[in-house]
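Engineer: Dropping the structure in here first, questions after.
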Amino acid sequence: MDGNEVLGLVLVKMATSPVKADRDAIARIERECKADILKITTSLENSRIIAQSLNRHEQGKELKILATGLFWSGVIGIATMFVRPSYVWCGVSLGFVSGIAGRVMEPFKS
């Protein structure tokens, strides 16, 4: 369990608690946030889901960068093989770097 999930469970537990101090604390939290406790816990859950999806997106990004570099190293390596066979490794290296640079620079396109 992460922090947001624990906080949400504690807030729900305090909101349903028969102890007056817990209910007063929840009332103060609701007053400060200008929202009821259900809305606050829902917001915490939504932020947790968004954080998880962003982490998953970032994990797949590195694999795409590597795959693009390998693809372009193959394409330019084969093309170099027909034009200048002695420079194949140079073409493969340039293709790999160009592929990675193209994928990394993609978010900066306007």
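Engineer: Return the residues of region 51-102 that are under 17 Å from the mean Cα position of the chain (by Cα) and not polar (S, T, N, Q); say none if nothing qualifies. Spell out how you get there, then give the answer.
Structural biologist: Start the filter on region 51-102 by keeping residues that are under 17 Å from the mean Cα position of the chain (by Cα), which leaves 51-65.
A51, L54, R56, H57, E58, G60, K61, E62, L63, K64, I65 - these are the residues of region 51-102 that are under 17 Å from the mean Cα position of the chain (by Cα) and not polar (S, T, N, Q).
Engineer: Which fully enclosed helices (runs of 4 or more DSSP H) of region 5-110 have 2 or more residues being exposed (fewer than 10 other Cβ atoms within 10 Å of the Cβ)?
Structural biologist: Numbers: elements: 20-33, 37-83, 88-105.
Per the criteria, 20-33, 37-83.
Engineer: Could you say whether any residue in region 79-98 is modelled with pLDDT of 80 or more, out of contact with any Ser or Thr (no Cβ under 7 Å at 6 or more places or on another chain) and closer than 23 Å to L9 by Cα?
Structural biologist: no
The values are calculated or read from the model by the stated rules, or taken from the named source; none is laboratory data. As the structure is a computational prediction, the values presented were derived from the model and not from experiment. Counting neighbours? That spans all protein chains shown, and the Cβs are built from the backbone with ideal geometry, glycine included.
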